[in-house]
Amino acid sequence: MFFDLLHFGAGAQAIHYFTFCLAAILGTIQGVALRYRRADLLWVDGYLGYTLSALTIAGSFVWFFLTDQEIFIPGLAGGELFTLFVVAFVTAAPLTRLVAFFAARGRALALAPTHAAREKEPLA
Amino acid sequence: MNLDLWLFHALNDFVGTVPLIDWLTRALVNDYAVPTAMSLAAVALWFAGATPEERTNNQRAVVFIALAILFCNALIKDLSYVYFRPRPFATETVKLLFYRPSVSSFPSIPIEVAFCFAAGAWYASPRLGKWLGILGALYALARVYAGVHFPSDVLAGALIGVAMVYIVVRLDFVFVPLADFAIGIARRLQYA
């Protein structure tokens, strides 16, 4: 069936394409998370977040097209590209949520009043 | 000379005249750049939405795109058993900017996929659909310019892609419950 058609060539290009997709998907999700205020997906807020998103997407394209020398010869077939993209998505979504969880905890800890500040607060 | 051949030569004979256009064509025509960019747009659509209703509508559009691509590929695979059109480089004098694909030239599968993305995105976001449509049109132009398709191949691919999305959307009584089922599973697994 479908999986019998998957060979992934010599393998190196499949690894390159998976890495490219993974990085580009992570960058894309960050862009959307910022645009729609998705706290469950967000790593870095504000302009820094948009910069990180844009650099990740652009960087992944530039890296892939500069490093992979086999782009203009018959390489991965459509089904193989689709499978690698889906595997990259399946990896990227939970990774995004995991990093977002720790980033949110980090932000909460950074915003929490310090012990000294808490001691200075007047008692009710 | 028929219109299809005339248009093909009008574009392909220009290869080698302006190196920048050749370079841009190579950047567009390969198997990776445009399909990956369109897939990333689908990922963005999957997570986008200011309200739960908008998000559900966007996610349905992504499922419709996937279904339309699946049905188109099945249709074209069946079509290739009954009709095989040789590539332009097999029958014409061509300035080739790409490798020599072996599958039938008609209809263009990459363009059919690109227009499934564009039409499906249009269902949720006409603005995104318009941009993907422009990218798809440039991709189609690049495939002809690079010498791997005749204009009628890319036109047929685009029409099949758009028509298949239209059919999937019109059959909403079948595909909306199916899409909602898939979205429900994805949400339970924290993928949406």
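Read-outs throughout are calculated quantities, based only on the coordinates presented, and are distinct from any laboratory measurement. Computed from a predicted model, the values in this text were never measured in an experiment. Cβ atoms come from the backbone with ideal geometry, glycine included; neighbour counts cover every protein chain shown.
Counting each DSSP H run of 4 or more residues in the protein assembly as shown as -39500 (n - 2.57), what helix-only mean residue ellipticity at 222 nm follows after dividing by all residues, to the nearest 500 deg cm²/dmol? Walk me through the intermediate numbers first.
Values: 13 runs with 230 residues, N = 316.
So the calculated ellipticity at 222 nm is -24500 deg cm²/dmol.
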- Query: Taking square-rooted eigenvalues a ≥ b ≥ c of the alpha carbon gyration tensor, is region B:33-76 rounded, prolate or oblate, where a/c under 1.5 means rounded and, failing that, a/b exceeding b/c means prolate?
  - Reply: oblate
- Give a residue-ordered list of calculated ³J(HN,Hα) values for region A:84-97 (Karplus: 6.51 cos²θ - 1.76 cosθ + 1.60, θ = phi - 60°; whole Hz; x for Gly, Pro). 5, 5, 5, 4, 5, 5, 4, 7, 5, 4, x, 4, 4, 5
- Query: Where a Cα-Cα gap under 18 Å defines reach, which aspartates and glutamates qualify for B:K77, not counting those fewer than 8 residues away within the same chain?
  - Reply: A:D4, A:E80, B:E112, B:D153
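Any idea what the relative contact order of chain A is, in percent, if you count C-alpha pairs under 8 Å spaced at least 6 apart?
Numbers: 107 pairs, mean separation 45.7, N = 124.
Here the relative contact order equals 37 percent.
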- Message: Using a 7 Å offset from Cα along Cα-Cβ at A:A12, what residues in region A:72-90 end up with backbone N under 18 Å from the label point?
- Response: A:72-77
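Remind me, what semi-axes does region A:1-104 give for its equivalent ellipsoid, largest first in whole Å, using sqrt of 5 times each Cα gyration tensor eigenvalue?
Values: eigenvalues 169, 51, 16 Å².
Its equivalent ellipsoid spans semi-axes of 29, 16, 9 Å.
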- Query: Quick one: if you stick a label point 7 Å off each Cα along the C-beta vector at A:A110 and A:R35, how many nm between them?
  - Reply: 2.5 nm
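If R₀ is 41 angstrom, what is the calculated FRET efficiency for the pair A:L66 and B:Q190, using the beta carbon separation as r and rounding to 0.05? Before the final figure, lay out each step's value.
Numbers: r = 34 Å, r/R0 = 0.83.
E between A:L66 and B:Q190, to the nearest 0.05, is 0.75.
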- For region A:54-124, the percent of all C-alpha pairs falling in each 10 Å bin, from 0 up to the bin holding the max distance, is 14, 25, 23, 14, 11, 8, 4, 0
- Using only Cα atoms, tell me the angle between helix A:12-35 and the longest principal axis of chain A; keep it within 0 to 90° and round to the nearest 10. 40 degrees
